[in-house]
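Read the figures in this text as sums done on the coordinates, not as results from a lab. From a predicted model like this one, the values you see are computed outputs, not experimental measurements. Cβ atoms come from the backbone with ideal geometry, glycine included; neighbour counts cover every protein chain shown.
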Ligand code: PRP
Ligand code: MG
């Protein structure tokens, strides 16, 4: 079949599970940031779905901005090179910044982003991520909010891509072997 869902062989998290967990995270974030001046920063492109659902689960005043970074500047992630493709439109000096991403893999992207944003004199910088792969982590990243820790296997859906596809899946899962061949 040409239906995109049929390329998933194993579903790790269903749409309902994702929304439930984001609701729990949103509740915690809402409590923690009560009375503060929250700026939520989404990391393009993978974080689009998490941003949209997490932000709508928080019944508080907040602002949203976006960054796009590339961690493939000189070939592979292990090179450790991160470049800004699109910077914030917001001056974050004195602001409470919450970076939102859908996965922490090696940690390169978010460790670099935390350092970069911290140098702009924000009041605070924290991270919310839906997924984290503890076994793959090679850079120091300490997210304040984590949806789930997962094994070190390749997952797609809900923003996560394989060759730019599968981001539009509602669930998160692993791809059938035929997709790679
Ligand atoms: C993916 C993912 C995270 C990052 C995690 O983004 O969305 O942002 O990799 O990996 P790391 O912890 O090893 O840095 P990617 O750079 O592939 O771009 P995308 O968001 O546009 O898919
Ligand atoms: Mg990303």
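Look at 117, 54, 22 and count the other Cβ atoms within 10 Å of each Cβ; fewest to most, that gives 117, 22, 54.
For the pair residue 37 and residue 63, label points projected 7 Å from Cα toward Cβ lie 0.8 nm apart. Set the Cα radius of gyration of the chain against 2.2 N^0.38 Å, with N its number of residues, and you get 1.03. The tail of the calculated P(r) for the range 1-104, taken as Cα-Cα distances beyond 22 Å, holds 44 percent of the pairs.
DSSP assigns beta bridges within the chain; of those with both partners inside it, close to 30 percent run antiparallel. Summary of the geometry: the range 130-165 and the range 88-113, compared by the centres of their Cα atoms, lie 15 Å apart.
Quick check: convex hull over the Cα atoms of the range 63-150, volume per residue in Å³, rounded to an integer? Measuring per residue, one finds 90 Å³ for the Cα hull of the range 63-150.
Stretching residue 153 away from residue 9 to a fully extended chain increases their span by 50.6 nm, per 0.36 nm per residue minus the current alpha-carbon distance. Please give the FRET efficiency for residue 181 paired with residue 45, using the beta carbon to beta carbon distance and R0 = 22 Å, rounded to the nearest 0.05. E between residue 181 and residue 45, to the nearest 0.05, is 0.30.
Would you mind getting me the FRET efficiency between residue 115 and residue 19? Use the beta-carbon distance for r and R0 = 35 Å, nearest 0.05. Please list the in-between numbers first.
Values: r = 32 Å, r/R0 = 0.91.
With a Förster radius of 35 Å, E is 0.65.
Estimated purely from DSSP H runs of n ≥ 4, each contributing -39500 (n - 2.57), the mean residue ellipticity at 222 nm for the chain is -7000 deg cm²/dmol once divided by its residues.
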